[in-house]
Amino acid sequence: MFGRYRLARSRHAAARLEAYEAAREDAIASHGLGPQLRVADIDRRAMEVWHQTWEGRTHASGAGGWNWPHLFAEHPRRAAVLPLAIWYGSDLCGLALGHASRHRAAGVRHTVTLTYAERRPEPPEVPLRKLVIPLAVAVARNYGLALGATRLRLRYPDRNLLWYYELLGFKVAWEDGKPVYCEQEI
């Protein structure tokens with residue numbers, strides 16, 4: 001049992017690294033970014049920087065402000081997790097947390113979900129100010145394609161950003177007059 005799980009974790013780590021690198025290369029090429037852009041798993045260093053630069057701060061809109069160490073600690077410990085840290089040099093610009101759905105009878109995972117995504121609160125200005133969500137979406141899409149997923153979801157979408165998610169190609173799913181998630185085919 002543990003050998004199979006260890007193998008699955010290794011396969012998913014490799015798929016994440018490929019997704020990170022593809023999104024990084026595309027962002028550098030299409031936005032003229034330098035080699036300082038780094039996309040990686042959330043790790044102890046990311047949580048240390050979060051404590052130093054994000055903790056207790058919120059965005060002017062009031063959005064975000066999540067306790068990332070708590071979210072990361074409480075996220076399911078399974079192989080198909082997507083713990084994303086977006087760096088520009090030593091600046092932790094963004095964090096995202098997601099996962100792939102469980103295997104279906106056909107053996108594929110049909111959905112990758114980004115449950116949380118947030119840009120570092122300002123000031124100082126975030127060097128990747130308008131790129132954190134598109135980068136997180138690109139990573140999740142690449143990861144989903146590697147796993148054979150057909151859908152990408154944004155869970156708990158910020159109502160004030162629905163227009164932006166729609167610009168990125170998402171459709172909003174509503175329930176009782178509230179946005180439940182945003183979804184796009186991949």
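The values are calculated or read from the model by the stated rules, or taken from the named source; none is laboratory data. Computed from a predicted structure; not experimentally measured. In this analysis, Cβ positions are derived from the backbone assuming ideal geometry, glycine residues included, and neighbour counts consider all displayed protein chains.
In this structure, does D91 turn out to be over 15 Å from V139 (Cβ atoms), at pLDDT 95 or above, among the acidic types (D, E) and surrounded by 14 or more Cβ atoms within 10 Å (Cβ to Cβ)?
Spelling it out, D91 is indeed over 15 Å from V139 (Cβ atoms), at pLDDT 95 or above, among the acidic types (D, E) and surrounded by 14 or more Cβ atoms within 10 Å (Cβ to Cβ).
Please go through segment 128-150 and pick out each residue that is assigned to a helix (DSSP H, G or I) and among the small types (G, A, S). Once the filter is applied, which keeps residues that are assigned to a helix (DSSP H, G or I) and among the small types (G, A, S), segment 128-150 yields A136, A138, A140, G144, A146. For segment 44-63, does any single residue satisfy the condition of being assigned to a strand (DSSP E or B), without any contact (Cβ under 8 Å) to a residue 40 or more places away in the chain, touching a Pro at 6+ places or on another chain (Cβ under 7 Å) and not acidic (D, E)? No, there is no match, as no residue in segment 44-63 is assigned to a strand (DSSP E or B), without any contact (Cβ under 8 Å) to a residue 40 or more places away in the chain, touching a Pro at 6+ places or on another chain (Cβ under 7 Å) and not acidic (D, E). Among the residues of segment 10-25, those that are surrounded by fewer than 16 Cβ atoms within 10 Å (Cβ to Cβ) and either small (G, A, S) or touching a residue at least 24 places away in the same chain (Cβ under 8 Å) (or both) comprise S10, R11, A13, A14, E18. Picking from residues in segment 102-125 that are among the β-branched types (V, I, T) and either at pLDDT 95 or above or assigned to a strand (DSSP E or B) (or both), the one that is surrounded by the fewest Cβ atoms within 10 Å (Cβ to Cβ) is T115. Out of all the residues in segment 151-168, which are surrounded by 15 or more Cβ atoms within 10 Å (Cβ to Cβ), out of contact with any Leu (no Cβ under 8 Å at 6 or more places or on another chain) and not in a helix (DSSP H, G or I)? Of everything in segment 151-168, those that are surrounded by 15 or more Cβ atoms within 10 Å (Cβ to Cβ), out of contact with any Leu (no Cβ under 8 Å at 6 or more places or on another chain) and not in a helix (DSSP H, G or I) turn out to be R151, P157, D158, L168. If we keep just the residues of segment 31-57 that are small (G, A, S) and at pLDDT 95 or above, which is surrounded by the most Cβ atoms within 10 Å (Cβ to Cβ)? My answer is A46.
Among residues belonging to segment 150-164 that are among the hydrophobic types (A, V, I, L, M, F, W, C) and touching a residue at least 40 places away in the same chain (Cβ under 8 Å), point out the one that is nearest to V112 (Cα to Cα).
Restricting to residues being among the hydrophobic types (A, V, I, L, M, F, W, C) and touching a residue at least 40 places away in the same chain (Cβ under 8 Å), the top hit is L152.
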